[in-house]
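What follows draws every value from the coordinates through simple rules; no lab data is involved. Everything numeric in this text was worked out from a predicted model, so none of it was measured. Glycine gets a Cβ as well: all are built from the backbone with ideal geometry, and neighbour counts include every protein chain shown.
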């Protein structure tokens, strides 16, 4: 049985203060330009990639929320030119720090589950996989569009891709191919040995090294977490309970109890004094969080620590939506206080606020609405919009509070 190294009891408010600080959502001072983008990705451990584009895609939103001078070109340069980040499955498809590459190798080498789609398709289409690999080896980097589909039918869902595209994905999952860059958001693949930077450590970690790495990764980014949180932060890590037990016994991680919550929480021991004695650094900026933001991606964790029940409603039938297709949680100080459903009308260069829901118990309303208007204007500019329009669905009281302050 693991011995207890250290314990503390925190209020939810103190817990939120610390986790937001670890998530770089309290005005963290990061380097300018792509150096800051790299620092953020290395700190968070991953940034999830998503295709939804009613506003800027999620990976851009996650980084802009933390980096006022962020530009999309930073990601391209860090991946294609500097080779400081790579793509692989983390929480989902993600940008990952290149320095973490060796800890993803075990996942690449694992055999697919017997009878799974991956297993069955790879066995039935071994020739297609070999053909795709040979072409890239001979011709250099290729995108799915560089392969012709000889089947005369409409494309179906992701498991019904044309054979070449599925073969590319199989080789990517296996680690034989990497994404060299993206062109108009389409992946361009090349042989892994031609993408990895010289001198990168590619030694296979032991199972203990792998699991303990992912425990540290999760706790470094989350600040405080349950074992369930750690298991799912970078889901490819697998189950981490045994590693947590070892590290707890060794004194590397500490116990935490949070008022009102039954599950045990943990933190890195080196962070313990920061949790228990730090002064609040929460600023007055309003931040719109991507649905896939690292800070809220674990919905039950968000419910427990923020008392905020969040659902991404693009997957909900339209008649059943309450808040909007791509509603973004609104973070103010150390609370999630509402939801905004924006859409960039790129033809008219207008940001449409299609819906806006706020908690009824907001404190210091004048300061909040000032910050909300500033955040909305900033969001509009980031989406290349010149003005903001508020839909009639937004309550008139809220409109009156912010309309005069909007672009």
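Descriptive notes on the structure:
- Neighbour counting of Cβ atoms within 10 Å sorts the residues 121, 173, fewest neighbours leading, into 173, 121.
- Mean residue ellipticity at 222 nm, helices only, the chain: -10500 deg cm²/dmol; runs of at least 4 DSSP H residues each add -39,500 (n - 2.57), and the sum is divided by the number of residues.
- The distance from the alpha carbon centre of the range 220-282 to that of the range 300-368 is 28 Å, rounded to a whole number.
- Relative contact order computed over the range 226-365 (Cα-Cα under 8 Å; 6+ residues apart), in percent: 15
- Highest to lowest packing among 359-368, 208-217, scored as the average C-beta count within 10 Å: 208-217, 359-368
- Computed E for residue 183/residue 274 - FRET, C-beta separation, R0 51 angstrom, nearest 0.05: 0.75
- Rg to Rh, two decimals, where the range 234-331 supplies the alpha carbon set and Rh follows Kirkwood: 1.04
- Computed from the Cβ-Cβ distance with R0 of 41 Å, the FRET efficiency linking residue 109 to residue 345 stands at 0.30.
- Ordered by the count of other Cβ atoms within 10 Å of each Cβ, fewest first, 89, 117 give 117, 89.
- Using only alpha-carbon positions in the chain, the gyration tensor eigenvalues give semi-axes of 36, 30, 19 Å once each is multiplied by 5 and square-rooted (largest first).
- The range 311-405 shape via C-alpha gyration tensor axes, a/c threshold 1.5: oblate
- Take every Cα pair under 8 Å whose residues are at least 6 apart in sequence, average their separation, divide by the length of the chain, and the relative contact order is 18 percent.
- Segment residue 137-residue 391, extension gain: residue separation times 0.36 nm, minus the distance between their alpha carbons: 86.2 nm
- Note on residue 146 and residue 405: the model spin-label points, each 7 Å out from Cα along the C-beta direction, lie 5.0 nm apart.
- Counting neighbouring Cβ atoms within 10 Å and putting the fewest first, the residues 131, 204 line up as 204, 131.
- Of all DSSP beta bridges in the chain, antiparallel share, percent nearest 5: 85
- Taking only the C-alpha atoms of the range 1-86, Rg followed by Dmax gives 16.4, 51 Å.
- Potential lengthening between residue 359 and residue 259 on full extension [0.36 nm per residue; Cα-Cα distance subtracted]: 33.7 nm
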